[in-house]
1. Which distance in nm do the two modelled labels at ALA59 and GLN42 give, with both placed 7 Å along the Cα-to-Cβ direction?
2. Quick one: give the max-minus-min coordinate of the C-alpha atoms of the chain along each principal axis, largest first, in Å.
3. Given a Förster distance of 25 angstrom, what is the FRET efficiency for VAL116 paired with VAL4, based on the Cβ-Cβ distance and rounded to 0.05?
4. Just subtract the alpha-carbon distance of ALA294 and VAL93 from 0.36 nm times their residue separation and send over the number in nm, one decimal.
5. Evaluate E = 1/(1 + (r/R0)^6) for LEU198 and ALA259, where r is the Cβ-Cβ distance and R0 equals 30 Å; express this FRET efficiency to the nearest 0.05.
6. Expressed as a whole number of Å, what is the distance separating the alpha-carbon centroids of region 1-50 and region 193-214?
7. Between ALA164 and ASN206, what is the label-to-label distance in nm when each label sits 7 Å out along the Cα-to-Cβ direction?
8. In bins 10 Å wide, starting from 0, what share of all Cα pairs of region 159-199 does each bin hold, as a percent?
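The values are calculated or read from the model by the stated rules, or taken from the named source; none is laboratory data. Remember, predicted model here, so these are calculated numbers, not experimental data. All Cβ positions, glycine included, derive from the backbone under ideal geometry; neighbour counts span all protein chains shown. We work out accessible area using only protein heavy atoms, side chains counted, and drop any ligands, DNA or RNA first. Shrake-Rupley method; radii C 1.70, N 1.55, O 1.52, S 1.80 Å.
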Amino acid sequence: MGDVAKDLTAGTVGGAANLIVGHPFDTIKVKLQSQPTPAPGQLPKYSGAIDAVKQTIAAEGPRGLYKGMGAPLATVAAFNAVLFSVRGQMEAVLRSEPGAPLTVKQQVIAGAGAGVAVSFLACPTELIKCRLQAQSSMAEAAAASGVALPKGPIDVAKHVVRDAGARGLFKGLVPTMGREIPGNAVMFGVYEATKQYLAGGKDTSNLGRGSQILAGGLAGAAFWLSVYPTDVVKSVIQVDDYKKPRYSGSIDALKKIVAADGVKGLYKGFGPAMARSVPANAATFVAYEITRSALG
């Protein structure tokens, strides 16, 4: 099996591990990000992450925490295959000689390049996922207008294409790239830097699973710390109405979020995102490393 095929396979396994561990946290994050600003004197739909979990389970059962998982699950193979295989190919280009370990700076460059590639897969997947996850906050408005909400990923895609054409699936591409490019650059850089620190040098091949879990968890936390406000902008744009949009673009969304809620509005759902990032990304990297090692 060639290196590309190995990265494709290991990336797929890593992505599946990430999704299974992290999706409930992601659902709560999107619910908090996309809930409308309450009118003066009124309380928000969710008072916080724990309240969002309770309301979701009460209304939809535990399965509600996995709502919208179909879209990323259907594309997780492609997404993570591209992420890790592009990164692997960039590693081959950046190496000073065959088999030489990359520096942290080179891993940052490889991560940024992989981020460019995955943005075009992430955007439509994230759009469908976010619109499904945010349905509970849009249910009242939909009921009042007599509009039936989509029932699944395919139905969401059909509604989007009907309202905005195929290009509607790429709504939010700019903030998606603004998240994926710097986020993956930071994530892979921190992952490699942590491994090298724990190994005491550039050779990290003998690190144990505990060290890999720690490095992966820190890498995931670094991803969200570096790009979280961009992710909030992406989410509100992607759940925005196509026919009567509240936001004309990323800058407009940023201004309106800050005007309505202050800078803290750019960190709605930050707690669940950080709670998710450590175990989910640790699972991703460990699953990747185990699979990649097993493939030789």
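1. 1.4 nm
2. Sorted largest first, the three principal extents are 63, 36, 36 Å.
3. In this case the efficiency is close to 0.90.
4. 70.0 nm
5. 0.10
6. A separation of 27 Å, based on Cα centres.
7. 5.3 nm
8. P(r) over region 159-199, rounded to whole percents: 26, 27, 22, 15, 9, 1.
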